[in-house]
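The values are calculated or read from the model by the stated rules, or taken from the named source; none is laboratory data. Being a predicted model, the structure only gives us computed values, none of them experimental. Ideal geometry is used to build each Cβ from the backbone, glycine not excepted, and the neighbour counts take in all protein chains shown. The area values use the complete protein model at the heavy-atom level, side chains included, leaving out ligands, DNA and RNA. Shrake-Rupley method; radii C 1.70, N 1.55, O 1.52, S 1.80 Å.
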Amino acid sequence: MSMIPLCSTVPTSRQIPGGAWGRSWGWTAREDGALFSAWPGVDLTIAVLDSLIQWSCLCENPTGKSPQEMKIVTKLFSSRLQQKMCSTYVVTFFTLGTVLLFTACSDGHDDYDTRSPLSLRELADGRGILIGSAVGTSSIAHDMQYIDTLAAEFSSITPENAMKWSATEPEHGSYTWENADSIVAFATAYNQAIRGHTLVWPNEFAYKDTPDYVSNAPDAETMQRYIDDHIEAVVNRYMDVVDRWDVVNEPLETLGSELDQNVITATLGEGWIVRAFQQVRRLDPSAKLYLNESLAERPGEKHQGLLTLVRRLISAGAPIDGIGLQSHFLFGPPSIDQMVEVMRDWETLGLDVAITELDIPERQPGEEEAQATSYGNVVAACLSVETCREITFWGFTDKYSWLNSFLGPESRPLLFDQNYNPKPAYFAVHAALVGQE
Ligand code: G3I
């Protein structure tokens, strides 16, 4: 028998023809008003009644439907019916509900083959890790397929740019929070964790995130004050919703293994990094504090350079909880063994690791299968080390990837194609989370 997955705690996603803007708690609505049951095999009326009864009887909207969605279904179900719904249907609903609940909950996942495949976030929940995506502000504002997929598949969000210094405090003391706030609102609505990215990114190898007033500070003391003020403002604003921070991003040389001699480090020495970690710990004691680095995912000089730096920072009093391995595999992906070796080194130091910005560009056109294997390997590596707690992708659709401009659109680095079709990479991640290799 087909049944509603009553034990599910997150929205499930189902492609509907014509593009959905509704998310899928039981049912989804298309812009033209057509309704679809979100669970194959489950009658649409039952799926809609489920949320309508909760809505009218409990006088609230517990399934998180948007006002537009509620408008559509209330148009279809007359207000008279709605008023009578409690008395007419409540007995049926609770009887049916009790039977379904008993069957769905009592025998674990015996009903697995009658429902949609589990989403990445459901699988990751089961594995005790977060599965995340970087998110751009404009995509969550206007692209309904983006919204639907992001909400259904990911349990964590990293603002791709909106929380950076250049975005939040372009002039000293003048804050622009709108974009970061909109991402926070999205994550809150869809019950997603938020990775705070990033408080200070001093390295200017490819991009300059530090505003000019910081680089041009008249003296070291003023520069340090700018850093302190910035950290305090951002952490105070988002500490209730952010559970982990990339406190410092890319302190090492991008293509080397030494401390990067950017203007902040050249002016203040590495003491500013220690101070930044101490300040965030003081402001937000419950958050996990990460140092996030690029191109340090395999054994070698940069990994050794990072180990040396982090040991030094910890001895100087920096409260570092974890290392973010960005994992932009522009030069080809490492093997599972290489990644595990790196993660174990951090485990030995007592630190967590997180894969924070994963993307794997195709190196030759049409390399989808090799790309998929590499994605599966990253998941397998993370799952095999207990201290790896998160896999965040740097976006999820090839439609929006920083690599479209950095390498070109033929790099197709992510899990879904431009039209939101899942690629072999998606299925490889899915299978690796299930535990099939
Ligand atoms: O917002 C403006 C927009 O108004 C304008 O029309 C457009 C024209 O180019 O530029 C837009 O801003 C760009 C922004 O991306 C949004 O697309 C910035 O110029 C551009 O610098 C910015 O690039 C971001 C880059 O970090 C620098 O902040 C990338 O999207 C983002 O993916 C990239 O992410 C970094 C991580 O934070 C740290 N690790 C490496 C990673 C990849 O470089």
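Worth a mention:
- Any hit, region 345-357, residues being closer than 19 Å to P202 by Cα, in the same structural domain as R389 (by TED's automatic domain parsing) and open to solvent by less than 40 Å² (accessible area, probe 1.4 Å): yes
- Listed by position, the helices (runs of 4 or more DSSP H) contained in region 285-383 that have at least 1 residues being within 16 Å of the ligand (Cβ to nearest atom) and out of contact with any Lys or Arg (no Cβ under 9 Å at 6 or more places or on another chain) are 301-315.
- Residues of region 159-212 satisfying the condition of being assigned to a strand (DSSP E or B), farther than 18 Å from D228 by Cα and more than 14 Å from the ligand (Cβ to nearest atom): A193, I194
- The residues on offer are T137, T176, T210, T198, and the sole one that is of a type in the set (S, T, N, Q), farther than 23 Å from E122 by Cα and free of Cβ contacts under 8 Å to residues at least 12 places away in the same chain is T176.
- The number of residues in region 213-244 that are within 16 Å of the ligand (Cβ to nearest atom) and more than 27 Å from D352 (Cα to Cα) comes to 2.
- Top-ranked residue of region 373-429 - restricted to ones that are of a type in the set (D, E, K, R) and open to solvent by less than 20 Å² (accessible area, probe 1.4 Å), ranked as farthest from the chain's Cα centre (by Cα): K423
- Among residues of region 279-305 that are on the phi < 0 side of the Ramachandran plot, those with a beta-carbon under 7 Å from a residue that is among the polar types (S, T, N, Q) and buried (at least 20 other Cβ atoms within 10 Å of the Cβ) at least six positions away or on a different chain give the pairs N292/T198; N292/N249; N292/Q326; N292/T356; E293/Q326; S294/Q326; E297/S327.
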